[in-house]
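What follows is a single structure, written as structure tokens, with notes after it.
Coordinate-derived values only; no laboratory data. Bear in mind the structure is a predicted one, so any value in this text is a computation, not a measurement. In this analysis, Cβ positions are derived from the backbone assuming ideal geometry, glycine residues included, and neighbour counts consider all displayed protein chains.
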Amino acid sequence: MSAPRTTPWPLVALFTAGYLAPYLLPTTVGRLQSGLPLSATQAGAIGSALLLSSATAGFLLASRVERIGPRTLARTGLLLAVLGYGGAALTTHVPAVIAGAVAGGFGSGTVTAVAATGIAAMGVPPREGVRAWGSDPHRTTTLGLLGVSALAGAVYLTVPHLGPGHAQPLAAIALTALAVWPLTSRLSSRTAPALPRTATGGSRLPHLRSGLLLAAAMPCWSAVQNSLWGVSGRIGLTQAHLSEVTVGAVFAVALGAGLLGVVGAGALGPRLGQALPIGLGTILIAGCIALSASATDLTTFASGEIAWNVLYPVVLSYVIGLAASLDPRGRWAVLVGSASSLGTAVGPMTGSLLAARAGFPAMGTILAVGLLVVAVPLTAVALRRRTTTVAAGPAFADETAVRLDVAA
């Protein structure tokens with residue numbers, strides 16, 4: 001008899017709390033610059049330090065979540081996020097703000113590592129004495145992206161009405177971490193049942209070539225996305241000659257459209273495989289970036305930004321699912337996510353540098369071409385994974401049946 005399908009809300013909540021800081025990076029950096037005696041470069045450096053700290057946590061903890069235990073690690077990460085971001089929000093002393101942002105970033109990365117490991121482990125067959133959620137990685141990832149997109153959109157709409165200063169976005173991240181804390185009681189001492197050594201290859205990472213290729217491509221993919229995101233406001237204000245209110249409205253609509261993209265990805269699920277959404281989606285994103293960067297009026301600017309925000313979470317959800325499929329213990333999911341954070345960290349600086357030296361349209365062209373190049377290895381990994389899975393199907397027929405029974 002099939003187990004009932006249940007939604008792992010603790011993992012969805014942890015995913016949301018862990019990814020909120022990168023989603024709020026533009027307003028966080030902007031508020032740091034306007035609320036503290038910092039230049040744009042200095043404020044951007046603090047944002048980059050936050051994201052680099054988050055990525056560091058992922059790299060350090062990728063193989064340690066099971067050993068430490070998801071509940072303990074999640075609570076440690078949430079505590080760091082509350083104290084770090086909360087402390088940074090409550091002070092105007094720049095060194096203390098930097099320390100709080102770095103500590104909070106490490107907390108966000110820790111929480112994301114727990115969420116990614118748990119999501120990847122959903123396909124592991126249940127064993128006696130171990131509770132497994134009846135869900136699938138892609139569905140849970142899309143729910144997490146839906147949560148963080150909705151929450152970030154609400155913050156973007158609310159923060160401008162709460163007065164000036166750097167505290168508001170940082171406080172929003174801290175309060176989110178605090179709100180998620182009670183759900184950690186539903187996490188077990190282990191993320192998932194340990195697979196036999198013959199199934200996992202012991203402590204070695206499976207699919208090493210595909211995993212390394214994916215981890216190498218993701219920093220470039222994320223850097224391109226955030227290069228545009230980091231300068232989109234300036235494109236709207238200085239090149240498209242729009243007011244700040246109009247630009248803000250475009251961003252709000254774009255984030256709302258992103259929710260539709262997440263819902264669409266959840267509805268499609270694995271029906272299209274992974275190669276087509278990742279490959280074609282990345283190509284379409286490249287076109288959106290070129291369109292947005294060349295915008296000189298509201299129609300072009302809004303079209304590029306909204307279309308990009310629809311496609312970005314769709315492709316991201318499939319990439320996360322692809323990484324999760326490479327290792328049921330979730331290590332590749334954490335490592336690829338951390339590699340993506342490295343690209344996120346350097347994105348705004350890359351966009352600003354390219355825009356300053358070549359102009360916005362040329363920046364968009366360079367970024368679009370780079371993204372087309374990155375689409376090749378991403379699609380190759382997805383195609384290789386599909387071929388490997390099909391070829392290995394008969395050998396693992398019994399295990400696959402068990403996994404389908406859990407997810408039914």
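See the values below:
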item: Hull shadow area, averaged, the range 1-107 [alpha-carbon convex hull, nm²]; result: 8.1 nm²
item: Projected label distance in nm at LEU178 and THR296, using a 7 Å step from Cα toward the beta-carbon; result: 5.0 nm
item: Highest average packing first - 272-278, 140-146, Cβ atoms within 10 Å; result: 140-146, 272-278
item: Approximate spin-label separation ILE68-ALA249, in nm, with each point projected 7 Å along Cα-to-Cβ; result: 4.6 nm
item: Net charge of Cβ neighbours under 14 Å - reference PRO164; Lys, Arg +1; Asp, Glu -1; result: 0
item: Neighbourhood net charge (12 Å Cβ-Cβ; Lys/Arg +1, Asp/Glu -1) for ARG209; result: +2
item: Signed unit charges on C-beta, dipole axis of the range 247-389, positive-most listed residue VAL373, GLY351, LEU291; result: VAL373
item: Alpha-carbon centroid distance for the pair the range 216-279 / the range 49-123, whole angstrom; result: 25 Å
item: The range 207-315: translational diffusion in µm²/s, Stokes-Einstein, Kirkwood Rh over Cα pairs, 37 °C, 0.692 mPa s; result: 222 µm²/s
